[in-house]
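Here the structure is laid out as structure tokens; the discussion comes afterwards.
The values are calculated or read from the model by the stated rules, or taken from the named source; none is laboratory data. None of these values were measured; they are calculated from a predicted model. Please note: Cβ atoms are built from the backbone with ideal geometry, for glycine as well, and neighbour counts cover all protein chains shown. We work out accessible area using only protein heavy atoms, side chains counted, and drop any ligands, DNA or RNA first. Shrake-Rupley method; radii C 1.70, N 1.55, O 1.52, S 1.80 Å.
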Amino acid sequence: MAMSILKLRNLSALRSAANSARIGVSSRGFSKLSEGTDITSAAPGVSLQKARSWDEGVSSKFSTTPLSDIFKGKKVVIFGLPGAYTGVCSQQHVPSYKSHIDKFKAKGIDSVICVSVNDPYAINGWAEKLGAKDAIEFYGDFDGKFHKSLGLDKDLSAALLGPRSERWSAYVEDGKVKAVNVEEAPSDFKVTGAEVILGQI
């Protein structure tokens, strides 16, 4: 009997370790972001950092942008991703929004925003490399506070990325979330592309 209990405990520990090692364990159940959420109230006192060069950062005295300036009185599509220069983010996620920007404008969207747990200088260089800055507004969440406030933070140390975010998208009107999508795994790209959110506007 004792041996059976020990085996069960060992099996449970192995499963737990395997789940912890997986990048793709979903944390959607812990997300505070849902339809009807006021995104500015969910992340009180949090600001984002608009993508810029270092010199622009210095000249702006390292200014940040309050969430109210981004969302209040506007129709916004926002998508978050694990990191600049990473595979799915560079090859699929950002390009999907860039290629559909005219369709978003036709639906009355004021801005399409990409946010990542990166400093604004790294995300600026990445956005320029992708040729997407004219279509999409890029913001850094350098300390991860925005994503933590929304329950969308994700430990991606297994991929040598450290604290990052889930892959997600949302349609927001005047600060209120009208639709939100979160991938089962940050490496997935099934429900957060431009085509999906266009159908939810």
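Below is a table of values for the structure above.
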{"quantity": "Residues that are modelled with pLDDT of 85 or more and buried (at least 17 other Cβ atoms within 10 Å of the Cβ), drawn from the stretch 31-61", "calculated": "Thr37, Ile39, Thr40, Ala42, Ala43, Val46, Ser47, Leu48, Gln49, Lys50, Ala51, Arg52"}
{"quantity": "Failed condition for Leu81, given (1) open to solvent by less than 50 Å² (accessible area, probe 1.4 Å); (2) out of contact with any His (no Cβ under 9 Å at 6 or more places or on another chain); (3) within 17 Å of Ala122 (Cβ to Cβ); (4) among the hydrophobic types (A, V, I, L, M, F, W, C)", "calculated": "(2)"}
{"quantity": "Checking Ala106 against (1) modelled with pLDDT under 95; (2) over 22 Å from Ser34 (Cβ atoms), the condition it does not meet", "calculated": "(1)"}
{"quantity": "Yes/no for Phe138 being touching a residue at least 60 places away in the same chain (Cβ under 8 Å), surrounded by fewer than 20 Cβ atoms within 10 Å (Cβ to Cβ) and either in a loop (DSSP other than H, G, I, E, B) or not basic (Lys, Arg) (or both)", "calculated": "no"}
{"quantity": "Qualifying residue in the stretch 110-117 (condition: assigned to a helix (DSSP H, G or I) and touching a Leu at 6+ places or on another chain (Cβ under 9 Å))", "calculated": "no"}
{"quantity": "Any pair with Cβ under 7 angstrom, 6 or more apart, that starts in the stretch 74-92 at a residue that is under 14 Å from Gly193 (Cβ atoms) and ends at one that is in a loop (DSSP other than H, G, I, E, B) and modelled with pLDDT under 85", "calculated": "Val88/Ser187; Cys89/Gly83"}
{"quantity": "Verdict on Val191 being over 20 Å from Ala106 (Cα atoms), modelled with pLDDT of 90 or more, surrounded by fewer than 17 Cβ atoms within 10 Å (Cβ to Cβ) and among the β-branched types (Val, Ile, Thr)", "calculated": "yes"}
{"quantity": "Options Val94, Val88; residue that is among the aliphatic types (A, V, I, L, M), at pLDDT 90 or above, under 15 Å from the mean Cα position of the chain (by Cα) and in a helix (DSSP H, G or I)", "calculated": "Val94"}
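Rundown of residues vs (1) in contact (Cβ under 8 Å) with a residue 12 or more places away in the chain; (2) over 11 Å from Phe79 (Cβ atoms); (3) surrounded by fewer than 22 Cβ atoms within 10 Å (Cβ to Cβ), yes/no style:
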{"residue": "Ile109", "(1), (2), (3)": "yes, yes, yes"}
{"residue": "Cys114", "(1), (2), (3)": "yes, no, no"}
{"residue": "Tyr121", "(1), (2), (3)": "yes, yes, yes"}
{"residue": "His147", "(1), (2), (3)": "yes, yes, no"}
{"residue": "Ala170", "(1), (2), (3)": "yes, no, no"}
{"residue": "Lys176", "(1), (2), (3)": "yes, yes, yes"}
{"residue": "Leu198", "(1), (2), (3)": "yes, yes, yes"}
